[in-house]
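These notes concern the structure reproduced below.
The values are calculated or read from the model by the stated rules, or taken from the named source; none is laboratory data. The model shown is predicted, which means the values in this text are computed figures rather than measured ones. Here the Cβ positions follow ideal geometry from the backbone for every residue, glycine too, while neighbour counts run over all protein chains shown.
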Amino acid sequence: MDAIILQILNGLDKGSAYALIALGLTLIFGTLGVVNFAHGALFMIGAFCAVTLSRILTWSYTVIDETKTDFLGNPLKVEVPYVHGLFGQATGDAIIDWAVPLSILFSIPIMLFVGYAMERGLIKHFYKRPHADQILVTFGLAIVLQEIIKYFYGANPIPTPAPEVFTGSFDFGAMVGFEANQIIYPYWRLVYFGFAAVIIGAVFAFLQFTTFGMVVRAGMADRETVGLLGINIDKRFTIMFGIAAAVAGVAGVMYAPINSPNYHMGMDFLVLSFVVVVVGGMGSLPGAVLAGFLLGILESFASMSAVIDLLPGINQIIIYLVAIIILLTRPRGLMGRKGVMED
Amino acid sequence: MGILEVKDVNKRFGGLQALGNVNLSVEENSCHAIIGPNGAGKSTLLNCLVGKLIPDTGSVMFDGQSVLGRKPYEINQMGISRVFQTPEIFGDLSVLENMMIPIFARRDGAFRMHAVESTSTEKAILEQAEHMLDSLNMADKRHMHSASMSRGDKRRLEIGMCLAQNPRLLLLDEPTAGMARADTNNTIDLLKQIKDERDITIAIIEHDMHVVFSLAERITVLAQGTPLVEDTPEKIKGHPKVREAYLGESA
Amino acid sequence: MLGLEKKDIRILLIVAVLTLFAPFILNPFPAGSGWAQFNAGYPDLMQRFVIFGIFAIGFNILFGLTGYLSFGHAAFLGIGSYSAVWMFKLLSMNVLPAIALAVITSGLFALLIGYISLRRSGIYFSILTLAFAQMTYALAYSVLTPITGGETGLQLALDDPRVLDGASTGSNIPVPGIFGLEMRSNSQLEMGDWVFNLSTGYYFSGIIMLLAFYLSIRIFRSPFGMMLRAIKSNQQRLNYTGLNARPYTLAAFMISGMYAGLAGGLMAAMDPLAGAERMFWTASGEVVLMTILGGAGTLIGPVLGAGLIKYMENILSKINSDILHTWFAFLPDGLEDFVVSMVYPFIGKGWHLTLGLMFMAVVIFLPGGLVEAGQRISRIFKRKKTDETSKKSTTTEPAE
């Protein structure tokens, strides 16, 4: 039992990331009808927002501390971050420590802008072109974006730690009444899951309870009709693209402590997220979220040694295997709507 | 017993009864028109005949065999060809190639490597296609990119492609929709000519009464998914129910 | 001739001549000169040109004709390589049986994967092929290690049986060849300052590419090819013409899978090892890039695209900032640094950026790829000529 809970927990953080990316992909696909292969790159850019902010915060000047000497006997040079000067030492250190959560605030305007620029500058011109063209051009864009990041940040992963409070693990099993030391779970992963749940909830609430969301949902169901009502749907879709980009971005920001950001992390996630979207059902938001968590958890179950002993290699292929089976038996995915991408 | 027998066909979409107890019999070698106001279920009925939709209940028999549950290509192989509301042709191919494909389909498919003029069967297919284009007065357009033709020409080609298969039943879905008067008249002439020259059954769905009354030998009026009345054109013209339900507003 | 029309013969001849003289054409700069780094006429790279050319030609038969975008074709490349290496291990170092097995196994895998994937179309097809390829990759990396060599890859060993060759004598692992002629043998031809490499492996692959190219012309111009184009053009009409598209798409998928297997087998024949990374989805993405960049649906486009990308990968990527500084040394110092810093991100390790930008530009502005660019340019020239001689109006031919 505790082994099962552990696997479910292990699957949650990856599942959260899949769900968040798949949610954005589905928003874009559902509203704009565009298959966005550059969505993984948005996730990656988000992660690098965290890297950038923590670099900005640790930006420092050198002072020579006459009271101390290094091992050669020279006066010690001390790097003092500018934030110390601005906020005082204690607050400054706390700010640096909390760089990743702070990056959420930092990344949202950036991601909204990136999304806006992408939609207005490129995607807009591809609404009427075949899906294959959309895939190809966004695939090209993904290459360009990841190369730009590689140019500025190098090819190596950049460790970006979580705030100190959240480092380390806790005994989840003992908390819920199982034996101690059976279910150890890192704090940050739980934070990530909670964060993902909040974001997903916010997106759904936004679509459900605001007029804007209502129009977008109507647009997802039938674009032409809403256009006929005299609503400027294009503008709303642009905003929707920005939101989808922001969702992918913050998902990336928060993922940075789990997996040190590197320039190709977006592509790695994208391939799986696409599988997630297809399994969930093209154009279905609940489907995307459900499939994201489901596949994340399935993947972690398949990594159990008992399962691997039984079916060697299953952990590597489980997601693809599920996708193939789902696509062949339920062509519309778990919760797909009729008439979406059925050419 | 007609060549096409539709019996007690029902089709629902959610809460909407698209077709309710449709019975229809099309005589062999006749021209049968199905008319009705928008939303009467004409297109749904047509889609049930060609395998795109499967009715909830009832049967559709073509020449004594059921078409239900068969795929569109299998139904076509039974001898039913369909002309679409917007001409469906192979836009990226030349007119001649468009015409060759149905002929290949009637033979053994096109799993062959040879260039067009290599073997005798292919020569025969090519000749047949050219002959067909001749009879449509389109020989001069045969190397044209078919997507760049006028709508009237596309329609002509599409009808020609269906005829090249020697179908026993030709289904036409509003063949003159969106056409200029001259193109409409050309299409009517073409269909009349086909009717005269061939042993072929034609079932036509049409809005344009001019087209219907110049071609049809029998007319079924569909309203709200149910046949209202079926009769000869003359009787239909005078039928009070029809005038009320349909002709009144468009005559 | 050869069952081809005149203009196709011309294309075939152009490709044949280019292939034959590639060792000379690709080495235009004298060996010792500063420009020699742009010479692409060394055996390794030339082999890659033609092998990836075959890969792209095959991919184009599927994507260019039917419009089905496969994101998993690298799987067949890898399967071809593994099969060939196994043939070297078990049967003989002769490349012919190895290549034959590579084509057959990849064809069988393509039949299986295609049979399942082609039940869907559009993006679903792309995702299915991607899923299959990633599965193959993951399995080759982990569970199938006894067959694939896992992370280290599949390599030849001294104690391999090699039934036909007999036990190997001496302490060297034998090399692939064809009836005694080694694939790696290379004769250098020195003409003044120029050095040309005439490599057996290159000419062997080159001849195979010509055969593959000829076959693809025949497929393009055949009724079968016409049917594939009809599938891309309008599946609805095809269905209502009594044709089931599935056998045609499956045949096209299988043929293009076999082309990929042939390319994989040749890769192993040039360098007898095979690794799983050959099957990774980025490798599938690469062949998509090649085909689109050159011109999907055109005959010669994929070959051009493959050549261009491999040239960039091997030549452009080697330029570093020192070389750039020597190029722009004629500029004043400040300007020189500025220009170098502007150009630098696009070359050397950043060549992928150039590739990505080029690819986007092609998809946006030139859906017909390099071939369309060529046609447009030649049309401009034609128009100029006719303007000058003030002849009758030009007839623009439909794009091929």
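For this structure, a couple of remarks:
- Counting only residues that are touching a residue at least 12 places away in the same chain (Cβ under 8 Å), under 14 Å from C:M312 (Cα atoms) and not aliphatic (A, V, I, L, M), the range C:328-379 holds 5 of them.
- Restricting attention to the range C:20-58, the residues that are small (G, A, S), surrounded by 15 or more Cβ atoms within 10 Å (Cβ to Cβ) and over 18 Å from the mean Cα position of the chain (by Cα) add up to 1.
- Of the helices (runs of 4 or more DSSP H) lying entirely inside the range A:95-181, those containing at least 3 residues that are surrounded by fewer than 19 Cβ atoms within 10 Å (Cβ to Cβ) and facing chain C (nearest Cβ under 10 Å) span A:131-153.
- Listed here are the helices (runs of 4 or more DSSP H) enclosed by the range B:155-251 that have at least 2 residues being surrounded by 17 or more Cβ atoms within 10 Å (Cβ to Cβ) and among the charged types (D, E, K, R): B:181-197.
- Of the numbered criteria (1) surrounded by fewer than 17 Cβ atoms within 10 Å (Cβ to Cβ); (2) away from chain C (no Cβ under 13 Å); (3) more than 30 Å from B:G14 (Cα to Cα), the one A:P286 fails is (3).
- Within the range C:139-188, if we keep just the residues that are among the hydrophobic types (A, V, I, L, M, F, W, C) and free of Cβ contacts under 8 Å to residues at least 40 places away in the same chain, the residue that is nearest to C:F280 (Cα to Cα) turns out to be C:L139.
- Top-ranked residue of the range C:115-154 - restricted to ones that are part of a loop (DSSP other than H, G, I, E, B) and of a type in the set (A, V, I, L, M, F, W, C), ranked as farthest from the other protein chains (Cβ to nearest Cβ): C:L118
- Residue check, A:A196 under 27 Å from A:L290 (Cα atoms), aliphatic (A, V, I, L, M) and within 14 Å of chain C (Cβ to nearest Cβ): no
- Unique residue being in a loop (DSSP other than H, G, I, E, B) and of a type in the set (D, E, K, R) when the list is B:E88, B:E74: B:E88
- Long-range neighbours under 6 Å by Cβ, at least six apart or interchain, first residue of a type in the set (D, E) within the range B:183-202, second surrounded by fewer than 18 Cβ atoms within 10 Å (Cβ to Cβ): B:D199/B:N29
- Conditions (1) in contact (Cβ under 8 Å) with a residue 12 or more places away in the chain; (2) in a helix (DSSP H, G or I): number failed by C:Q236: (1)
- For the range C:172-189, the criterion of being aromatic (F, W, Y) and within 11 Å of chain B (Cβ to nearest Cβ) is met by none of the residues.
- Boolean, B:R112 is over 14 Å from the mean Cα position of the chain (by Cα), at pLDDT below 85, at the interface with chain C (Cβ under 8 Å from one of its Cβ atoms) and closer than 26 Å to B:T187 by Cα: no
- Single condition C:L273 does not satisfy, out of (1) within 14 Å of another protein chain (Cβ to nearest Cβ); (2) over 28 Å from C:G356 (Cβ atoms); (3) surrounded by fewer than 24 Cβ atoms within 10 Å (Cβ to Cβ): (1)
- With respect to the conditions (1) in contact with a Ser or Thr (Cβ under 9 Å, 6 or more places away or on another chain); (2) more than 19 Å from B:G36 (Cα to Cα); (3) of a type outside the set (G, A, S), B:N186 lacks only one, and its number is (1).
- Test result for C:I231, within 24 Å of C:Y68 (Cβ to Cβ), touching a residue at least 12 places away in the same chain (Cβ under 8 Å) and within 14 Å of chain A (Cβ to nearest Cβ): yes
- Enumeration of residues in the range B:2-34 that are among the hydrophobic types (A, V, I, L, M, F, W, C) and outside any strand (DSSP E or B): B:I3
- Among the residues of the range B:115-136, those that are under 27 Å from B:P175 (Cβ atoms) and modelled with pLDDT of 85 or more comprise B:Q128, B:A129, B:E130, B:H131, B:M132, B:L133, B:D134, B:S135, B:L136.
- Number of residues in the range A:19-38 that are in a helix (DSSP H, G or I) and either modelled with pLDDT of 90 or more or of a type in the set (A, V, I, L, M, F, W, C) (or both): the value is 10.
- From the list C:L299, C:L370, C:L357, the one residue that fits, being within 14 Å of chain A (Cβ to nearest Cβ) and within 32 Å of the chain's Cα centre (by Cα), is C:L357.
Residues are listed down the side, and each one gets a yes or a no for (1) within 30 Å of A:L102 (Cβ to Cβ); (2) more than 10 Å from chain C (Cβ to nearest Cβ):
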residue: A:A256; (1), (2): yes, yes
residue: A:M304; (1), (2): no, yes
residue: A:I308; (1), (2): no, no
residue: A:L311; (1), (2): no, no
residue: A:I324; (1), (2): no, no
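- Residue within the range A:258-266 that is touching an Asp or Glu at 6+ places or on another chain (Cβ under 7 Å) and either at pLDDT below 90 or assigned to a helix (DSSP H, G or I) (or both) present: yes
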